[in-house]
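Here the structure comes first, spelled out in structure tokens, and everything after it is commentary.
Just so you know, all these numbers are worked out from the coordinates, no wet-lab data involved. Quick caveat, the model's predicted, so the values are computed rather than measured. FYI the Cβ positions are ideal-geometry reconstructions off the backbone, even for glycines, and counts take in every protein chain you see.
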């Protein structure tokens, strides 16, 4: 059953200012209603569930203590922001979340003044928060504006977070970082003693005493001053943890029970009213808190489809064909059975990349490095140096974070690292932050790089085998999210000839050269041309780099119109084809060339099919483009 919950307190909340009208004793009841409302909404829409449930009390407490939106609240990644959206004037739109024209699944600046910074990728909040804090100080050194960055323990595994903390400590700007530890990876369970210590150490009296002691000790010789400072830090570190954060220049408070308002409110008030300098509040929460199904299976309820609130059963459609991620995983496992040099690497996405299945088969040859794509790539490069065959399996949108490592540590050294690029192309509900729009462009520009794009599940299987066998330099395979086309998948992948495409259908007037899974749309377009009495060739490029120059030359010389189709931005496959045709003078004999690619805009969340319609990459768009080119060539003027 998905009955709408009774929420008398929440019904009175339009914006956070309404939360601040409540008394402290009402906050837990409000949090309970907020949690029930979020579960109800996500049960109808699908989306991120577990992370948001874990921060319900924290979200309520922050908006109660801090004067948002004047005080800046930055959520790292943003997938835990559903309770925040409900409390900040967007409750009536929650049924549109992750849908076309609706709310984004992450924080988004243009959506609300309560979202001061957009997010979708992790580990950016402290850097952004520090920038806002410094901007505040430059504008008005007497400002009482607070900047609060909430970051999860998983996001803290990324180097960028520590770069920001190091800088914040050096600048000594007034910045509050809340570490949401929902995996107990840093602290043990918290209780009354740790709560008491957190309140004590964040209190104005203790901070004033500490500052007074620092001033007094500062008048002593440096050796005595340094010894006293270390003694105070280590004393607190022994009682509460946090020595690492202290070394980075942060004043550490915690751990605090993130589900206990009596613990949260006084600590947040204390750090709000503290003086200068960066403070880190360590809050321990439980992912999926308050919904037993999510508590017991946090991984399965991180992101969900629509579901039954009572039973927790998710309403997943029956797939018509295996999904590309599963096909990749199976193909890689098959290759690894034949070659013990194959290693699989992912960056905190074992199930999302299918490598959880690989890890079951080869636990000693599968590595999850955390949210650390830069490290993942250079780690793979080190393995390649020693003769291993690493597959760095990373979403297209996240591989962008490691581009310097791809260039400097892999391509320049011509190391045979294999990049398995999941979520290539448009991804649907997660929108522009997760779209794999740019990998073709940023990889095909690199010397030594081989770039493949699978048209279907069978091709993906063959490309995994090709990458496993190719040892002359770096290579990449890109494939989309979601179901395949339903073709027969071979039991064993076969090695493809690098840089050689294939002709799928032969004709004489129009040539469609497709790269990737738009091949199915290209074939539909060819069928439309046949109805119109036009002859069409359809080719699958297979490789964006190196190009099959012989095949491209043949298509150019034997057809009136050549259309390239790809699921990537400008500067990718089509641009390289144009460069070749231009340099060879193949467009000087009347050939009309059109490149079809993703438009030069960020496309908001929608269903994948609708996104491709917006992008103009459907069969109908291919037909329209070709007919317009023919009419310009005075070939199809009577059509």
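Kindly rank 481-494, 56-69 from highest to lowest mean number of other beta carbons found within 10 Å of each residue. Provide the component values of the computation, followed by the final result.
Working: 481-494: 15.0, 56-69: 24.4.
Most protected by this proxy first, the peptides run 56-69, 481-494.
With each run of n ≥ 4 DSSP H residues scored as -39500 (n - 2.57), what mean residue ellipticity at 222 nm is computed for the chain after dividing by its residue count and rounding to the nearest 500 deg cm²/dmol? Don't skip to the end; give the middle numbers.
Numbers: 24 runs with 250 residues, N = 639.
Counting only the DSSP helices, I get -11500 deg cm²/dmol.
At q = 0.10, 0.14, 0.20, 0.21 Å⁻¹ the log10 of I(q)/I(0) for region 502-632 amounts to -0.28, -0.56, -1.16, -1.27, computed by Debye summation with a single uniform scatterer per C-alpha, solvent ignored.
Using the 10 angstrom Cβ neighbour count as an exposure proxy, how do 611, 587, 452 rank, fewest first? Before the final figure, lay out the partial values.
Values: 611 23, 587 14, 452 29.
Ordered from fewest to most neighbouring Cβ atoms within 10 Å, 611, 587, 452 come out as 587, 611, 452.
Peptide packing: for 424-431, 40-47, the average count of neighbouring Cβ atoms within 10 Å per residue gives the ranking 424-431, 40-47, highest mean first.
Dividing the convex hull volume of the alpha-carbon atoms in the chain by its residue count gives 183 Å³ per residue.
Decide, for region 324-478, between rounded, prolate and oblate: order the square roots of the alpha carbon gyration tensor eigenvalues as a ≥ b ≥ c, take rounded if a/c falls under 1.5, and otherwise choose prolate if a/b is larger than b/c, else oblate. Because its axes are fairly even, with a/c under 1.5, region 324-478 counts as rounded.
If you scale each eigenvalue of the Cα gyration tensor by 5 and take the root, what three semi-axes come out for region 506-553, rounded to whole angstrom and sorted largest first?
The equivalent ellipsoid of region 506-553 has semi-axes of 21, 13, 5 Å.
What length, rounded to one decimal in nm, is gained on full extension from residue 28 through to residue 95, with 0.36 nm per residue of separation minus their alpha-carbon distance? Working shown, then result.
Numbers: separation 67, 0.36 × 67 = 24.12 nm, distance 2.45 nm.
Length difference between fully extended and current span is 21.7 nm.
Rounded to the nearest 5, the antiparallel percentage of DSSP beta bridges internal to region 502-632 is 15%.
Could you work out how far helix 222-240 tilts from the main Cα principal axis of the chain, as a 0 to 90 degree angle to the nearest 10? That works out to roughly 80 degrees.
With the radius of gyration and the Kirkwood radius both derived from the Cα set of region 376-431, what is their ratio Rg to Rh? Show your work: numbers first, answer last.
Details: Rg = 12.2 Å, Rh = 11.8 Å.
Reported Rg/Rh (Cα atoms, Kirkwood Rh): 1.04.
Of all DSSP-defined beta bridges confined to the chain, some 15% are antiparallel rather than parallel.
Full extension of the chain between residue 341 and residue 299 yields a length gain of 12.1 nm, computed as 0.36 nm times the residue separation minus the alpha carbon distance. Neighbour counting of Cβ atoms within 10 Å sorts the residues 386, 506, 295, fewest neighbours leading, into 386, 506, 295. For helix 457-469, report the angle its Cα long axis makes with the longest principal axis of the Cα atoms of the chain; keep it between 0 and 90° and round to the nearest 10°. Once rounded, the angle reads 80 degrees. For the chain, the longest principal axis of the C-alpha atoms and the axis of helix 204-217 are separated by about 80°. Working ranking of peptides 127-137, 339-349 by packing, defined as the average number of other Cβ atoms within 10 Å per residue, highest first, is 339-349, 127-137.
Out of all DSSP beta bridges with both ends in region 324-478, state the antiparallel percent to the nearest 5.
On the way: 1 of 21 bridges.
Taking every DSSP beta bridge within region 324-478, about 5 percent pair in antiparallel fashion.
Express in whole angstrom the spacing between the alpha-carbon centres of region 367-413 and region 141-162. Using only Cα atoms to place each centre, the spacing works out to 26 Å.
Need one number: the % of Cα-Cα pairs in region 30-181 sitting beyond the 25 Å mark. Intermediate results must be reported in sequence, preceding the final value.
On the way: 3122 of 11476 pairs.
Taking all Cα-Cα pairs of region 30-181, the fraction more than 25 Å apart is 27 percent.
The fewest-to-most ranking of 121, 632 by surrounding Cβ atoms within 10 Å reads 632, 121.
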